[in-house]
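Novice: Supplied in structure tokens, the structure appears directly below.
The values are calculated or read from the model by the stated rules, or taken from the named source; none is laboratory data. Quantities reported herein were computed from a predicted structural model and do not represent experimental measurements. Here the Cβ positions follow ideal geometry from the backbone for every residue, glycine too, while neighbour counts run over all protein chains shown.
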Amino acid sequence: MNARRQKKGPIRRIAGCSALALVVGLGGTAAAEDWPQFRGPRQDGTAPAAGVAQAWPASGPVELWRRGLGAGFSSITAAGDRLFTLAAEGEVEVALALSAADGKTLWRVELGKPFRLEFGDGPRSTPTVHGDRVYVVSSASRLMALDAATGARVWERDLTAYDPVPRYGYAMSPVVVDGLVVVEVGTKDLVDRALADAAAKAGPTPTPAPDATPNPAAAAARPRPIGAAAAFDAATGELRWRGGFAGPASYASPVVAELGGVRQLVYSRGTRVAGLGLDGTLLWEHETAPRSAIAIPVILPGDVVFVSTSDDSFGSLAIRVRREAGAWKTEPLWSERLMRNHFNASVRVGDNLYGFDNGTFRCLDAATGARRWAARGFGKGSLIAAGDLLFVLGDEGTLALVRATPESYQELGRVRALSGNSRAWTAPSLAGTRLYVRDHQDLVAYDVGEKALAAAATPVAPAAPAKGAASAAAPEAPSGDLAADEILRRYAAARGGATRWKQAKGLELRGTYRAFSERSDFVLLRQRALPADLFRLQYSVAGTPAIRAWDEAGAWLQHHFLSQTPLRVPGHKDMATYGPQMRREAIFAPPLLDPAAHGLAVEKAGRGEVNGAPTIALKVSFPARDGQPAAVETWHLDPRTFLEVAVDSQVLDYTQGAQPFAQRAYYSDFRAVDGLMLPFRLELEFNARVEVMEVATAKVDPQLDASRFAMPPAPAPAKPAGQ
């Protein structure tokens with residue numbers, strides 16, 4: 001490494017500071033073209049647009065270089081001619097400095113063992129460059145200050161001294177402000193200390209009488225530890241303060257903002273949004289829904305804080321923060337369920353917010369939350385902005401240039417940036433006209449500047465719109481005045497006819513299943529039977545086989561989030577309520593082909609819309625059965641083809657919690673197979689999940705028997721050693 005640096009010229013020291021510090025900016029003032037921290041110069045996902053091209057050719061932007069990087073979700077920070085990031089290389093997690101010119105490694109520092117999780121291994125945090133130092137947080141607890149020029153350790157702290165490693169690893173990125181490095185550390189050490197002190201003062205604890213009642217006054221008098229947020233001296237690593245709130249370390253980084261005329265740290269953590277003074281004092285807090293928000297807050301004009309979470313019942317919330325007569329007050333300004341940021345936050349451009357509602361890309365009015373447009377096709381995507389241009393990265397590696405306008409979704413270019421075989425959950429970074437994107441395997445650098453594209457001399461071609469792209473002002477569709485019976489007749493004809501479906505006895509579909517942004521093969525078997533149709537769907541989640549099925553004895557499933565072995569649903573005390581849902585899933589033919597046979601009540605629900613496109617909406621009521629109440633679904637049909645566009649329903653998913661979630665199922669790519677019209681693409685969104693099934697082959701009436709659907713016998717118990 002030193003030899004390589006000598007060839008390029010040593011970094012000279014000038015007046016006690018490295019030349020790199022002069023490039024980055026002394027005192028933390030980043031150069032105009034730097035991206036020195038998570039979410040960019042202002043922590044808002046935006047950068048200047050000077051020199052950025054307004055459209056791409058069909059080949060996309062100019063690729064500068066590409067390299068393997070290793071597992072992790074750490075984004076790229078840029079300062080001068082260097083890039084910084086974290087990655088997992090086999091059994092070690094590392095901090096890396098790379099050359100912006102060619103991507104070669106300039107230095108490498110080992111941080112310990114990487115965090116392991118089925119959703120993705122390695123680091124979650126992004127390095128912060130400030131002056132001549134780089135501050136990093138490893139996934140498993142180490143906060144370190146490194147020399148930006150050499151990678152030499154300046155100081156480090158073990159965050160597990162304060163609290164155990166969070167369930168999904170340390171994910172917040174260090175925030176450097178006023179000579180402090182601010183991170184979350186949790187409060188278990190303070191809780192333990194307070195309990196020990198209280199126990200020591202109280203002496204032996206008497207055993208309460210059986211009829212003893214709680215003492216609220218005594219409970220209120222107990223110590224209330226605070227201090228989940230911590231500030232370390234940026235120069236020495238010494239702890240300067242603990243403050244804010246109690247609880248474990250959360251995953252979202254704070255934002256430095258001025259609200260009510262006071263600079264502060266704004267947090268979105270779990271059940272609250274809070275503002276801390278730069279001395280750790282809790283200034284204000286606002287209670288929210290009891291689910292964890294992971295996305296970083298977005299500051300809107302007028303001292304408004306926008307927070308969002310993938311939780312089905314929360315969505316997003318805009319909170320106005322103000323200070324009156326020395327007292328802090330908060331008030332909800334607006335809320336919108338259909339902007340559920342998961343781990344990547346929205347960006348504000350002008351008067352509008354652009355971001356991901358789980359797997360749907362949306363535009364909202366920032367002042368009111370009113371929906372402007374929606375587009376699909378990116379999965380769980382991410383984005384940043386340069387002026388009125390959006391760089392949008394899909395979770396399978398598709399990169400698009402999109403105009404930031406509330407009028408409609410306007411795509412200006414698209415390229416396959418990454419392989420699609422590894423999670424691309426990390427938002428891009430932009431330094432000048434250089435754009436950096438990564439996934440769980442690779443890092444790619446593009447020049448997105450006007451000069452680079454002009455030199456490439458490739459003609460600009462219009463890009464195809466994203467799937468499901470629609471404006472809220474889409475034209476009204478015909479067929480809105482048809483009676484429900486006529487709609488059902490046309491639907492049946494579009495699906496191949498009720499008679500042909502009654503003749504079919506079985507189906508076998510094979511293709512690709514995608515969940516958690518990873519692909520696997522799936523096999524779906526269906527067979528007409530009495531008293532209930534037979535069904536079996538086999539796929540993989542995080543590399544482990546999973547099955548949902550209905551055999552002659554009823555529902556059973558296997559999913560390693562719930563059970564390592566197959567389990568019979570009706571007999572399971574916690575999952576018996578899955579039964580009606582799985583019976584619904586097992587129905588062989590589309591139930592609207594013969595509503596009476598399924599006891600359905602079907603009525604028109606007026607003119608509907610799906611992401612701005614008009615639909616015919618039907619309210620479909622399923623009867624109560626198996627001890628569960630009646631279920632209601634809304635079917636959205638294309639007013640021209642009368643095929644399904646989407647179906648809205650309530651579903652259970654015990655891998656995310658026991659309460660029902662709103663689910664939307666999107667149907668597309670219909671093809672005729674032996675007289676039956678089948679959707680070759682199905683997309684499901686519910687709570688934080690996005691699942692996609694793409695059919696490759698379909699067979700009508702394959703050779704099937706009941707044994708293909710049967711739950712395998714339970715494995716014999718292991719014999720004790722020595723027997």
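Novice: Tell me which of these residue 241 doesn't satisfy, since it passes every other one: (1) at pLDDT 90 or above; (2) aromatic (Phe, Trp, Tyr); (3) surrounded by 23 or more Cβ atoms within 10 Å (Cβ to Cβ).
Specialist: So the condition that residue 241 fails would be (3).
Novice: Quick check on residue 128: is it farther than 28 Å from residue 518 by Cα, of a type outside the set (A, V, I, L, M) and under 23 Å from the mean Cα position of the chain (by Cα)? So that I can check it myself, show each step before the final result.
Specialist: On the way: farther than 28 Å from residue 518 by Cα: yes; of a type outside the set (A, V, I, L, M): yes; under 23 Å from the mean Cα position of the chain (by Cα): yes.
Here the answer is yes, as residue 128 does meet what is asked.
Novice: Give the residue, chosen from 113, 104, that is of a type in the set (D, E, K, R) and modelled with pLDDT under 95.
Specialist: The unique qualifying residue is 113.
Novice: Output the residue which, of all residues in segment 260-285 that are under 25 Å from the mean Cα position of the chain (by Cα) and assigned to a loop (DSSP other than H, G, I, E, B), is modelled with the highest pLDDT. Working first, answer last.
Specialist: Step one: of segment 260-285, the residues under 25 Å from the mean Cα position of the chain (by Cα) are 265-275, 285.
Add one more test, that the residue is assigned to a loop (DSSP other than H, G, I, E, B), and what stays is 270-271.
Numbers: 270: 74, 271: 80.
If we take residues in segment 260-285 being under 25 Å from the mean Cα position of the chain (by Cα) and assigned to a loop (DSSP other than H, G, I, E, B), then 271 is modelled with the highest pLDDT.
Novice: Sticking with this structure for a sec: Looking at this structure, is residue 694 more than 23 Å from residue 617 (Cα to Cα), in contact (Cβ under 8 Å) with a residue 60 or more places away in the chain, among the acidic types (Asp, Glu) and in the same structural domain as residue 535 (by TED's automatic domain parsing)? Show your work before the answer.
Specialist: Working: more than 23 Å from residue 617 (Cα to Cα): yes; in contact (Cβ under 8 Å) with a residue 60 or more places away in the chain: yes; among the acidic types (Asp, Glu): yes; in the same structural domain as residue 535 (by TED's automatic domain parsing): yes.
So residue 694 passes the test.
Novice: Examine segment 313-330 for a residue that is under 19 Å from residue 612 (Cβ atoms) and in contact (Cβ under 8 Å) with a residue 24 or more places away in the chain, and state whether such a residue exists.
Specialist: yes
Novice: Please enumerate the residues belonging to segment 150-175 that are in contact with a Lys or Arg (Cβ under 9 Å, 6 or more places away or on another chain), hydrophobic (A, V, I, L, M, F, W, C) and either under 18 Å from residue 270 (Cβ atoms) or buried (at least 20 other Cβ atoms within 10 Å of the Cβ) (or both).
Specialist: 159, 171, 172
Novice: Taking the condition under 22 Å from the mean Cα position of the chain (by Cα), over 21 Å from residue 440 (Cα atoms) and of a type in the set (A, V, I, L, M), does residue 183 pass?
Specialist: The answer is yes for residue 183.
Novice: Would you mind finding the one in 318, 249, 289 that is farther than 28 Å from residue 349 by Cβ and either in contact with a Pro (Cβ under 7 Å, 6 or more places away or on another chain) or not assigned by TED's automatic domain parsing to the domain that holds residue 349 (or both)?
Specialist: Working: 318 fails: farther than 28 Å from residue 349 by Cβ; 289 fails: farther than 28 Å from residue 349 by Cβ.
Of the residues listed, the single one that is farther than 28 Å from residue 349 by Cβ and either in contact with a Pro (Cβ under 7 Å, 6 or more places away or on another chain) or not assigned by TED's automatic domain parsing to the domain that holds residue 349 (or both) is 249.
Novice: Before we move on, is residue 436 part of a strand (DSSP E or B) and in contact with a helix residue (DSSP H, G or I) (Cβ under 9 Å, 6 or more places away or on another chain)?
Specialist: No; evaluated as a whole, the condition is false for this residue.
Novice: Could you tell me whether residue 361 is farther than 24 Å from residue 284 by Cα, aromatic (Phe, Trp, Tyr), in contact with a Ser or Thr (Cβ under 8 Å, 6 or more places away or on another chain) and in the same structural domain as residue 432 (by TED's automatic domain parsing)?
Specialist: no
Novice: Which of the strands (runs of 3 or more DSSP E) found entirely inside segment 88-187 contain at least 1 residues meeting this: in contact with a His (Cβ under 6 Å, 6 or more places away or on another chain)?
Specialist: On the way: elements: 92-99, 105-112, 128-130, 133-137, 142-147, 153-158, 175-177, 180-184.
Where strands (runs of 3 or more DSSP E) fall fully within segment 88-187 and carry at least 1 residues being in contact with a His (Cβ under 6 Å, 6 or more places away or on another chain), they are 175-177.
Novice: Now, a different point. Do we find that residue 73 is modelled with pLDDT of 95 or more, of a type in the set (Phe, Trp, Tyr), buried (at least 24 other Cβ atoms within 10 Å of the Cβ) and within 24 Å of the chain's Cα centre (by Cα) in this structure? Outline the logic, then answer.
Specialist: Details: modelled with pLDDT of 95 or more: no; of a type in the set (Phe, Trp, Tyr): yes; buried (at least 24 other Cβ atoms within 10 Å of the Cβ): yes; within 24 Å of the chain's Cα centre (by Cα): yes.
No; evaluated as a whole, the condition is false for this residue.
Novice: Any idea which residue in segment 389-421 is surrounded by the most Cβ atoms within 10 Å (Cβ to Cβ), counting only those that are farther than 27 Å from residue 440 by Cβ and touching a strand residue (DSSP E or B) at 6+ places or on another chain (Cβ under 6 Å)?
Specialist: Taking segment 389-421 and keeping what is farther than 27 Å from residue 440 by Cβ, we get 403-410, 412.
If we keep only those that are touching a strand residue (DSSP E or B) at 6+ places or on another chain (Cβ under 6 Å) too, we end up with 403-404, 406, 408-410, 412.
Numbers: 403: 16, 404: 20, 406: 20, 408: 18, 409: 24, 410: 17, 412: 17.
Among those that are farther than 27 Å from residue 440 by Cβ and touching a strand residue (DSSP E or B) at 6+ places or on another chain (Cβ under 6 Å), it is 409.
Novice: Residue 367: surrounded by 17 or more Cβ atoms within 10 Å (Cβ to Cβ), at pLDDT 95 or above and not basic (Lys, Arg), yes or no?
Specialist: no
Novice: Being over 21 Å from residue 256 (Cα atoms) and modelled with pLDDT under 95 is the filter here, so list the residues in segment 122-157 that pass it.
Specialist: 122, 123, 138, 139, 140, 141, 142
Novice: If you take the residues of segment 624-674 that are part of a strand (DSSP E or B) and at positive phi, which of them is nearest to the chain's Cα centre (by Cα)?
Specialist: Checked segment 624-674; the qualifying residue nearest to the chain's Cα centre (by Cα) is 657.
Novice: Among the numbered criteria (1) surrounded by 23 or more Cβ atoms within 10 Å (Cβ to Cβ); (2) closer than 25 Å to residue 520 by Cβ; (3) touching a residue at least 60 places away in the same chain (Cβ under 8 Å), which single criterion is violated by residue 382?
Specialist: Condition (3) is where residue 382 drops out.
Novice: Another question about this same structure. What's the total number of residues in segment 584-597 that are in a loop (DSSP other than H, G, I, E, B) and of a type in the set (Gly, Ala, Ser)?
Specialist: Step one: filter segment 584-597 for residues in a loop (DSSP other than H, G, I, E, B), giving 587-590, 594.
With of a type in the set (Gly, Ala, Ser) added as a condition, the list becomes 589.
Number of matching residues: 1.
Novice: Right, another one. Which strands (runs of 3 or more DSSP E) sit wholly inside segment 374-415 and have at least 1 residues that are at pLDDT 95 or above and aromatic (Phe, Trp, Tyr)?
Specialist: Passing ranges, in order: 389-393.
Novice: Just to be sure I understand, how many residues within segment 675-700 are of a type in the set (A, V, I, L, M, F, W, C), over 30 Å from residue 311 (Cβ atoms) and not in a strand (DSSP E or B)?
Specialist: We begin by selecting, within segment 675-700, every residue of a type in the set (A, V, I, L, M, F, W, C); these are 676-678, 680, 682, 684, 686, 688, 690, 692-693, 695-696, 698, 700.
Imposing the further condition that a residue be over 30 Å from residue 311 (Cβ atoms) reduces the set to 676-678, 680, 695-696, 698, 700.
From what is left, the residues that are not in a strand (DSSP E or B) are none.
Within segment 675-700, residues that are of a type in the set (A, V, I, L, M, F, W, C), over 30 Å from residue 311 (Cβ atoms) and not in a strand (DSSP E or B) number 0.
Novice: Give just the number: which of (1) in contact (Cβ under 8 Å) with a residue 40 or more places away in the chain; (2) crowded, with 23+ Cβ neighbours inside 10 Å does residue 339 not satisfy?
Specialist: (1)
Novice: Need pairs with beta-carbon distance below 6 Å; first residue assigned to a strand (DSSP E or B) and within segment 442-453, second of a type in the set (S, T, N, Q) and buried (at least 20 other Cβ atoms within 10 Å of the Cβ); sequence gap 6+ or separate chains.
Specialist: Going by the 6 Å Cβ cut-off, the qualifying pairs are 447/433; 449/433.
Novice: What about residue 340, is it charged (D, E, K, R) and touching a Leu at 6+ places or on another chain (Cβ under 9 Å)?
Specialist: no
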